[in-house]
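The values are calculated or read from the model by the stated rules, or taken from the named source; none is laboratory data. Just so it is clear, the structure is predicted and the values come from calculations on it, not from any experiment. When we count neighbours, we look across all protein chains shown, and the Cβ atoms used for this are built from the backbone with ideal geometry, even at glycine.
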Amino acid sequence: MRLIISLALLLGLSAAVAVSPVADEFATLPVAADNPPAVSVCPVEEGRGRSSRVDLVSNGPDVGRITGFGAGEESGNVAFDLAGDGTESVDVVDISSVGVAAALVESSSIETAVATRSAGAASLSFESCASQPLPVAVLAGGSTLSGEEFELQLMNPYSGAARVSITAVSEAGVEANQALGDLIVQPRTSAVIDLADLLPGRQQLSLVIETVSGSVLSIGRFFNGSDSAVWNATETTEENYVLLPPGGGDRSLIIASSSPAEISYQIDLYGSDGLVEAFAAGDIDGRRFTSVDLGRVGRDAIAVRVLATGPVASFVRHLRGDGVAITSGTSATATTWSMPGAGSGRGLTTSLVILNPSSEDAGVAVDSHLGLAPSELTVLADSVSVYQLSLVAREGVTISSDLPVVAMWVARRQGGYSATLGVPVLDG
């Protein structure tokens, strides 16, 4: 018997689980790495005291459609047109989404970046919307201690069902839970798995999400009782970067492995003293994770480069008072980064964090899509710079650099905090 998971989106439910025989094989959608599709899949939410919007930004004109889906069918759709300033924001109420749900964004340009934001009276989260399903993805950074909620959302916008196997690892080691072993996510559904219910009392959890057949996109949802965080599951690579904004509090780097073999890693730190190679090093047992305290390096913005002998995924968890932000790492550097949602909404304090891992200084231009000349700054070699947005932008910001960089943006307000990796516009 296998578990069939689906989300009754129109009724605003979480995930309904039933036991039923299913077909042994499902068609797997082909993924062309050199020609990514002009689609994105966004986690959205309407309820539990939080509401979502879908933000778009593009450097050129674009038209498309946003469609809510769940329970095997479309809930509603709305068209968008980026012919003006290249930005737009759509409330999920316009696509009739209810509960924890998903939206499919179809556009005519692969250079259009999409993000989702969810806000409540005391919570705030932003995250870019993924466009490429991964055969193996890792999600770490959440916990299920008392009063905390950690959910895994599996989104399947495709016409075929997907079979997924999840390995959960906590500080106690690999968890034995049959409910995660063989899951079926039906077509055009969004499944939400409540990890606090399945694995309560875990200080840290890392998930290895393997798609056996079909395709899904995976994201994490965390609520610490006050603030929320939403972040993407990510692929594993032997080199990746993680950025961390300025500020005190608990700052932790989590490095997780999907490989059954032991992996050695080295952490290079970009901080106030420039590049510190081999700041930390160690070993990770097969399919385990390690956590590194970054609070001891001070309150400045920093970045780390993780080099490993095998594929790993890296995440940062930052707690500031009641606020929480969890951010995935990336293996990408690029000369252009789009930041849909950055600067949008009054009452937000917004800043950019930019890492220049090159051995030469980088010239960076910041376009807030206000019809003004871009602001210019220099990011020194092997260093991190913070740029404060002094004006409320449209629904997005674009940065351009003469050297490959890594960029994220940070939003703060009274009752919410978010740190979000930008979307790289890759050459070719």
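Of note:
- Of Glu175, Glu171, Glu149, all but one fail to be buried (at least 17 other Cβ atoms within 10 Å of the Cβ), out of contact with any helix residue (DSSP H, G or I) (no Cβ under 6 Å at 6 or more places or on another chain) and of a type in the set (D, E, K, R); the exception is Glu175.
- Note on region 356-375: among residues that are part of a strand (DSSP E or B) and out of contact with any Leu (no Cβ under 6 Å at 6 or more places or on another chain), the one that is surrounded by the fewest Cβ atoms within 10 Å (Cβ to Cβ) is Gly363.
- Residue among Val114, Val164 that alone is farther than 25 Å from Ala419 by Cβ, touching a Leu at 6+ places or on another chain (Cβ under 7 Å) and not small (Gly, Ala, Ser): Val164
- Counting the residues of region 243-285 that are among the charged types (D, E, K, R) and farther than 20 Å from Leu205 by Cβ gives 5.
- Tabulated pairs, region 139-168, first closer than 13 Å to Val192 by Cβ, second modelled with pLDDT under 95 and of a type in the set (Lys, Arg), C-beta under 8 angstrom, 6+ apart or interchain: Asn156/Arg188
- When the residues of region 310-341 are filtered to those that are among the hydrophobic types (A, V, I, L, M, F, W, C) and in contact with a Gly (Cβ under 6 Å, 6 or more places away or on another chain), the one that is nearest to Gly396 (Cα to Cα) is Met339.
A quick yes/no check of all residues on (1) of a type outside the set (Val, Ile, Thr); (2) in contact with a strand residue (DSSP E or B) (Cβ under 8 Å, 6 or more places away or on another chain); (3) free of Cβ contacts under 8 Å to residues at least 60 places away in the same chain:
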| site | (1), (2), (3) |
| --- | --- |
| Leu377 | yes, yes, yes |
| Leu389 | yes, yes, yes |
| Thr398 | no, yes, no |
| Ala411 | yes, yes, no |
| Ala419 | yes, yes, no |
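- Cβ pairs under 6 Å, 6+ apart, first in region 291-307 and more than 11 Å from Gln266 (Cβ to Cβ), second at pLDDT below 90 and part of a strand (DSSP E or B): Val297/Gly271; Ile302/Gly271
- The residue that is surrounded by the fewest Cβ atoms within 10 Å (Cβ to Cβ), among those in region 385-428 that are of a type in the set (Lys, Arg) and more than 18 Å from the chain's Cα centre (by Cα), is Arg413.
- Strands (runs of 3 or more DSSP E) lying entirely in region 184-294 (those with 1 or more residues that are hydroxyl-bearing (Ser, Thr, Tyr) and under 22 Å from Ser131 (Cβ atoms)): 189-194, 205-213, 217-223, 237-244
- Candidates Leu154, Leu207: the one that is closer than 18 Å to Arg287 by Cα and within 18 Å of the chain's Cα centre (by Cα) is Leu207.
- Failed item in (1) touching a Pro at 6+ places or on another chain (Cβ under 8 Å); (2) farther than 19 Å from Arg117 by Cα; (3) in contact (Cβ under 8 Å) with a residue 40 or more places away in the chain, with Ser331 passing the rest: (1)
- Meets criteria (surrounded by fewer than 21 Cβ atoms within 10 Å (Cβ to Cβ), closer than 22 Å to Gly76 by Cβ and without any contact (Cβ under 8 Å) to a residue 60 or more places away in the chain) for Asp197: no
- Asp382 passes every criterion in (1) surrounded by 24 or more Cβ atoms within 10 Å (Cβ to Cβ); (2) on the phi > 0 side of the Ramachandran plot; (3) at pLDDT 95 or above; (4) not hydrophobic (A, V, I, L, M, F, W, C) apart from (1).
- 1 or more residues crowded, with 22+ Cβ neighbours inside 10 Å and among the charged types (D, E, K, R): qualifying strands (runs of 3 or more DSSP E) within region 42-90: 50-57
- Which numbered condition Val366 fails, given (1) without any contact (Cβ under 8 Å) to a residue 40 or more places away in the chain; (2) among the β-branched types (Val, Ile, Thr); (3) under 16 Å from Ile254 (Cα atoms): (3)
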